[in-house]
Amino acid sequence: MKFLVTGGAGFIGQHVVRELMVRGHEVRVLDSLRPDVHRDLDWRPPSGADFIHADVRDAKALEPALEGVDAVIHLAAKVGLGVDISDTPDYVSSNDFATAELLAAMARTKVGRLTLASSMVAYGEGVGRCEKHGETRPGPRLESAMANGQFDPPCPTCGMPLADLLVTEDVPVDPRNVYATTKVAQEFLAGNWARSTGGAVASMRYHNVYGPGMPRDTPYAGVAAIFLSALRRNEAPRVFEDGRQRRDFIHVRDIAAATVLAAEGHVFGVRAFNVGSGTPRTVGEMAFALARALDGPTPVVTGAFRLGDVRHITADSSRLRAEFHWEPRTTFEDGMRELATGSTGSDPVIKEG
Ligand code: UD1
């Protein structure tokens with residue numbers, strides 16, 4: 001098949017391009033090489049792939065980019081929590097306006113299959129179980145509670161602690177920050193496109209992705225990259241809250257494999273897929289594992305917090321496993337070791353001309 005990969009020069013994109021090529025597909029990358037993410041403005045794709053240096057918002061670039069394409073993998077986005085609320089227009093423009101242009105161009109060129117990079121943050125605080133009130137959806141965390149060190153969102157009815165449950169794709173979305181809102185809007189826009197054109201959409205709700213090529217030292221760096229950079233400077237990782245917030249750290253090669261399987265196999269209707277390793281860790285655990293692997297300074301749990309952060313993000317990815325026979329292959333321990341040693345295993349440095 002021939003795929004257009006938007007954001008194919010990015011962290012996840014480079015691994016997806018490689019996986020597509022390994023599986024014998026033709027690939028065209030469209031990427032703006034936005035300077036707030038890419039330092040290497042001379043980036044070129046692996047040999048054999050085409051490259052269009054353009055922004056997804058540029059409608060004129062999209063029609064030639066879509067020519068002869070069977071399916072699109074749309075990864076180009078502005079990620080992370082951003083700096084503050086003044087980032088909102090750029091998030092909406094980069095993520096939602098861009099997706100609207102892409103969908104309109106796909107309708108014009110009759111390209112009917114889309115795989116979309118979405119996120120687990122779409123679920124907000126997810127689902128908890130209260131001993132008294134059963135399954136419930138926690139409300140937004142209050143600044144005053146967090147300032148008192150109460151980081152876990154309580155039962156909205158009685159204020160008692162909640163046991164964390166794994167979120168399935170059927171749990172309604174509840175975005176709690178601007179980035180999450182733009183990801184949810186992308187999913188809905190794609191759903192609208194699918195209904196009016198008969199197209200197929202697979203929305204990949206990624207967990208916390210780490211691995212070779214992670215963005216570093218940019219406002220878009222995830223926590224694993226931030227801790228790794230600190231340890232490389234021989235500084236202690238600074239763990240926010242009490243360090244017990246849970247995430248599911250998933251290796252980028254597993255993310256790429258999941259994305260390509262869905263892009264190949266999802267041919268009808270609108271479907272969301274959680275993509276996680278299935279073994280949640282706390283952010284504190286990750287900091288200590290990485291510090292041990294690098295033989296670096298002991299992490300410091302600071303109690304500081306960011307208001308837009310969700311407390312726990314842990315999902316059930318059994319739909320993806322069942323429908324596409326996908327299995328994550330890199331364990332947390334191996335992935336942390338790989339980060340620490342800088343070894344990229346069988347990964348080429350994906351930057352050849
Ligand atoms: C991350 C991704 C987001 C993705 C989501 C999927 C980034 C920046 N964000 O969001 O794109 O959609 O996973 O689940 O890659 N923390 C510290 N110390 C720090 C920085 C962060 O302790 O120096 C903590 C945060 O408070 C938070 C956790 O680490 O509790 C994870 O933060 P982060 O990686 O920024 O983002 P997520 O919200 O998990």
- [ ] Treating the angle as unsigned and between 0 and 90°, give the value, to the nearest 10°, between the Cα long axis of helix 223-232 and the longest Cα principal axis of the chain.
- [x] 80
TODO: Mind jotting down the distance between the C-alpha centroids of the stretch 1-65 and the stretch 257-331, whole Å?
DONE: 24
- [ ] May I ask for the equivalent-ellipsoid semi-axes of the chain, computed as the square root of five times each C-alpha gyration tensor eigenvalue and listed largest first in whole Å?
- [x] 32, 24, 19
TODO: Give me the aspartates and glutamates in straight-line cross-link reach of LYS78: C-alpha distance below 14 Å, same-chain residues under 8 apart excluded.
DONE: ASP31, ASP36, ASP55, ASP87, ASP90, ASP96
TODO: Just grab the label-to-label distance for CYS158 and ASN192, each label 7 Å out from Cα along the Cβ direction, in nm (one decimal).
DONE: 4.2
Open item on the list: Quick check on the chain: helices-only [θ] at 222 nm, where DSSP H runs of length 4 and up contribute -39,500 (n - 2.57) each and the sum goes over total residues. Nearest 500, please.
Closed with: -9500 deg cm²/dmol
- [ ] Taking amide H positions as placed in the peptide plane 1.01 Å from N, state which residues far from ALA76 in sequence (5 or more) or on other chains have amide H under 5 Å from it.
- [x] THR6, GLY7
Task: Residues whose placed amide H lies under 5 Å from that of VAL127, excluding near-sequence neighbours - done: LEU165
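Given the peptides 117-125, 315-323, arrange them by the average over their residues of other C-beta atoms within 10 Å, most packed first. Write out the running numbers ahead of the final one.
Values: 117-125: 25.4, 315-323: 17.9.
In decreasing order of mean packing, 117-125, 315-323 become 117-125, 315-323.
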- [ ] Give me the lysines in straight-line cross-link reach of LYS2: C-alpha distance below 24 Å, same-chain residues under 8 apart excluded.
- [x] LYS60, LYS110, LYS351
Task: Mean Cβ count within 10 Å, highest first, over the residues of peptides 28-35, 189-196 - done: 28-35, 189-196
Task: Sites matching trypsin sites (Lys or Arg not before Pro) across the stretch 218-285 that sit in DSSP coil, with at most 10 neighbouring C-beta atoms within 10 Å - done: ARG233
TODO: Could you tell me how many degrees, from 0 to 90 and to the nearest 10, lie between the Cα long axis of helix 98-109 and the main elongation axis, the longest principal axis, of the Cα atoms of the chain?
DONE: 30
Open item on the list: As I understand it, the dipole of the chain uses +1 on the Cβ of Lys and Arg and -1 on the Cβ of Asp and Glu, about the Cα centre. Which of LEU41, THR282, VAL173 lies farthest toward its positive end?
Closed with: VAL173
Open item on the list: For the chain, give me the percentage of DSSP beta bridges that are antiparallel, rounded to the nearest 5 percent.
Closed with: 20
Open item on the list: With a cap of 12 neighbouring Cβ atoms within 10 Å, and only residues DSSP puts in a loop, list the chymotrypsin sites (Phe, Trp or Tyr not before Pro) found in the stretch 232-301.
Closed with: PHE268
Open item on the list: Loop-only GluC sites (Glu not before Pro) in the stretch 4-105, please: DSSP not H, G, I, E or B, and at most 12 other Cβ atoms within 10 Å.
Closed with: GLU67
Open item on the list: Compute the angle between helix 332-341 and the longest alpha-carbon principal axis of the chain, please, reported from 0 to 90 degrees and rounded to the nearest 10.
Closed with: 80
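Values quoted throughout were computed directly from the atomic coordinates according to the rules given, and no laboratory measurement underlies them. The structure displayed is predicted, hence computed values, not measured ones. Here the Cβ is made from the backbone with ideal geometry for all residues, glycine too, and neighbour counts use every protein chain on show.
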